[in-house]
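What follows is a single structure, written as structure tokens, with notes after it.
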Amino acid sequence: MIRKTLRATRDLFLKPSVSIGLGILVTGGFIAGAVSWQGFNTAMEQTNKEEFCLSCHTMRDNMLPELQKTVHWSNRSGVRAECQDCHVPHEFTDKIARKMQASREVWGQIVGTIGTREKFEEHRIVLARREWARMEANDSRECRNCHDYGDMDINLMRPTSQVAMRAAAERDESCISCHKGIAHHLPDLKGSHNPAFDTLVSAASSTRVQADGAYYAVLPHKIYADPGLTQEIGSLEVAAKVRMLESNADAQRVELDLWRKNKGFGRVWYSNFGLNITSAILSKEVSRDETLVSVLDTREDPATGLEWQNVKAEVWMPTDSLIDSPEEIWEIARASYNQQCSTCHRQPEEAHFGANSWPAQFGGMVGFTSMDDDTAKMVLKYLQKHSSDFIETAHGGDPTKGVIQSARP
Amino acid sequence: MSATTTDHPASRAGARPRTVWRDIGSFLLLACVILPVVMFGAIAAYGFFIWFMQILFWGPPT
């Protein structure tokens, strides 16, 4: 069977025609070639149209209504961006590769990966990250097909935009660095997952804990009152320091040695006296429970007049959740901080602010970044822990360091 | 090829009209079906190759 097909193919190509003239054959082949190429180009064009994109209900139902509310859909000058203007590369090779990538999208449409609005929203972060990575790599080339730093009259912009755009133009910054979510909604970053955490989690699972050693939580973790991990009493924040007491297969008992403000329930526990660096949050049922929480020391913070308590508690938490040095966490946080904040402005030095001013500074800016919740918390903690309260620098070498906070939010 | 030429239909008398149709059929098959499919397949293969290289080594196009 195979041999027969092979022979037929060979004959088809190698056996000379005995009855049709060479000229006719060549002419016919020429015409057929021209028609095929034209057909191919037409197909490329047809699949490069907005109507084609919108023929899938996932596009029509999700992407279109979002785009329709933006300036890229309707504006006073009547120039409009269609799907392919931003999402399909214009060069042949990249375009063909992108068209083949679409096989994944066709597959998704068939099995319904993003068949409903809910599924789509859940998946949006994945799709968005893919597209952001593409645009970051090609320096926002699709944007630049229409927009050009050289042709912008920056003076016509709003004053706040002028500052950012001047700096961006100077650096020839990639558009997508700042303008994420300009044509579609931003992904809901809450509960999304920073891939950098995977390395932390695997570092945690290979960390051998020893009794009496100091460890740091790699991710926010729930804490419990019992070894069976059934009675939840609160949560531990990322990079919170604990002392190991004992550990079995599934659970480990750790000691928290933290500070809290002696006010209200005293649920929020901080890592250092007088500094609002959250390390743990307890539920209000147990935060005043003297069988669990023991108060070691009480001091008044001269800056606020608030009384702070050094508190201690022994709690249970799942295993494989701790590492022995916070440096790995800080490395990831530092990378996020440098990358996310420097795209729009020069990020301040960590020690430019005190641990108590960072939350307000950071909270005001984090909305402009694409950090998810956990990353944002980790970066804030990193900034606080490397703030002027901890680090000796040109900013931080002030005489009040370590005594009281010079600036409060 | 020598074996096939001896029993080539054209060498038999009276078989000429059938050969014409055969040749036309082969020509149409090649020009209208096989070669366009091969062209499309080659371009698709090229696209997939680039894409896989992007996934594995190159990263997104710059």
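Within the option set A:Asp320, A:Asp301, being at positive phi and acidic (Asp, Glu) holds for one residue only, A:Asp320.
Quick check on segment A:88-105. Is at least one of its residues in a loop (DSSP other than H, G, I, E, B), within 14 Å of chain B (Cβ to nearest Cβ) and surrounded by 15 or more Cβ atoms within 10 Å (Cβ to Cβ)? Spell out how you get there, then give the answer.
Of the residues in segment A:88-105, the ones in a loop (DSSP other than H, G, I, E, B) are A:88-91.
Add one more test, that the residue is within 14 Å of chain B (Cβ to nearest Cβ), and what stays is A:88-91.
Okay, now just the ones that are also surrounded by 15 or more Cβ atoms within 10 Å (Cβ to Cβ), so A:88-89.
Yes: segment A:88-105 contains one or more residues that are in a loop (DSSP other than H, G, I, E, B), within 14 Å of chain B (Cβ to nearest Cβ) and surrounded by 15 or more Cβ atoms within 10 Å (Cβ to Cβ).
Scanning segment A:38-81 for residues that are among the acidic types (Asp, Glu) and loosely packed, with under 13 Cβ neighbours inside 10 Å, we see that the one that is farthest from the other protein chains (Cβ to nearest Cβ) is A:Glu51. Set side by side, the residues A:Phe13, A:Phe30 differ, and just one is free of Cβ contacts under 8 Å to residues at least 24 places away in the same chain, more than 9 Å from chain B (Cβ to nearest Cβ), on the phi < 0 side of the Ramachandran plot and of a type outside the set (Gly, Ala, Ser), which is A:Phe30.
Please enumerate the residues belonging to segment A:129-142 that are in a loop (DSSP other than H, G, I, E, B) and at the interface with chain B (Cβ under 10 Å from one of its Cβ atoms). I'd like the intermediate steps shown before the answer.
Kept after step one, since they are in a loop (DSSP other than H, G, I, E, B), are these residues of segment A:129-142: A:138-140.
Passing the criteria: A:Asn138, A:Asp139.
Of the residues making up segment A:33-61, those that are in a helix (DSSP H, G or I), free of Cβ contacts under 8 Å to residues at least 12 places away in the same chain and among the polar types (S, T, N, Q) are A:Ser36, A:Gln38, A:Asn41, A:Thr42, A:Gln46.
Taking the condition at pLDDT below 90 and farther than 25 Å from A:Ser206 by Cα, does A:Ala335 pass? It is false that A:Ala335 is at pLDDT below 90 and farther than 25 Å from A:Ser206 by Cα. Does segment A:378-392 contain at least one residue that is surrounded by 20 or more Cβ atoms within 10 Å (Cβ to Cβ), of a type in the set (A, V, I, L, M), without any contact (Cβ under 8 Å) to a residue 24 or more places away in the chain and not in a loop (DSSP other than H, G, I, E, B)? Yes; the residues of segment A:378-392 include at least one that is surrounded by 20 or more Cβ atoms within 10 Å (Cβ to Cβ), of a type in the set (A, V, I, L, M), without any contact (Cβ under 8 Å) to a residue 24 or more places away in the chain and not in a loop (DSSP other than H, G, I, E, B). Filtering segment A:264-298 to residues that are hydrophobic (A, V, I, L, M, F, W, C), surrounded by 14 or more Cβ atoms within 10 Å (Cβ to Cβ) and touching a strand residue (DSSP E or B) at 6+ places or on another chain (Cβ under 6 Å) leaves A:Val268, A:Trp269, A:Phe273, A:Ile277, A:Ala280, A:Ile281, A:Leu282, A:Val286, A:Leu292, A:Val293. Number of residues in segment A:220-240 that are surrounded by fewer than 18 Cβ atoms within 10 Å (Cβ to Cβ) and either in contact with an Asp or Glu (Cβ under 8 Å, 6 or more places away or on another chain) or outside the structural domain of A:Asn272 (by TED's automatic domain parsing) (or both) equals 2.
The rows are residues; the columns are (1) farther than 30 Å from A:Val88 by Cβ; (2) more than 7 Å from every other protein chain (Cβ to nearest Cβ); (3) modelled with pLDDT of 80 or more.
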site: B:Thr5; (1), (2), (3): yes, yes, no
site: B:His8; (1), (2), (3): yes, yes, no
site: B:Gly14; (1), (2), (3): yes, yes, no
site: B:Pro17; (1), (2), (3): yes, yes, no
site: B:Ala44; (1), (2), (3): no, no, yes
site: B:Gly47; (1), (2), (3): no, no, yes
site: B:Phe52; (1), (2), (3): no, yes, yes
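Residue count for segment A:163-187 satisfying the condition of being at pLDDT below 85 and hydroxyl-bearing (Ser, Thr, Tyr): 1.
Rundown of residues vs (1) free of Cβ contacts under 8 Å to residues at least 12 places away in the same chain; (2) aliphatic (A, V, I, L, M); (3) crowded, with 20+ Cβ neighbours inside 10 Å; (4) in contact with a Gly (Cβ under 7 Å, 6 or more places away or on another chain), yes/no style:
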site: A:Trp308; (1), (2), (3), (4): no, no, yes, yes
site: A:Pro318; (1), (2), (3), (4): no, no, no, no
site: A:Pro326; (1), (2), (3), (4): no, no, yes, no
site: A:Glu331; (1), (2), (3), (4): yes, no, no, no
site: A:Arg334; (1), (2), (3), (4): no, no, no, no
site: A:Tyr337; (1), (2), (3), (4): no, no, yes, no
site: A:Ser342; (1), (2), (3), (4): yes, no, no, no
site: A:Glu350; (1), (2), (3), (4): no, no, yes, no
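With respect to (1) without any contact (Cβ under 8 Å) to a residue 24 or more places away in the chain; (2) touching a Phe, Trp or Tyr at 6+ places or on another chain (Cβ under 7 Å); (3) not basic (Lys, Arg), the lone exception for A:Thr113 is condition (2).
The values are calculated or read from the model by the stated rules, or taken from the named source; none is laboratory data. Values in this document were obtained by computation on a predicted structure and should not be read as measured data. Here the Cβ is made from the backbone with ideal geometry for all residues, glycine too, and neighbour counts use every protein chain on show.
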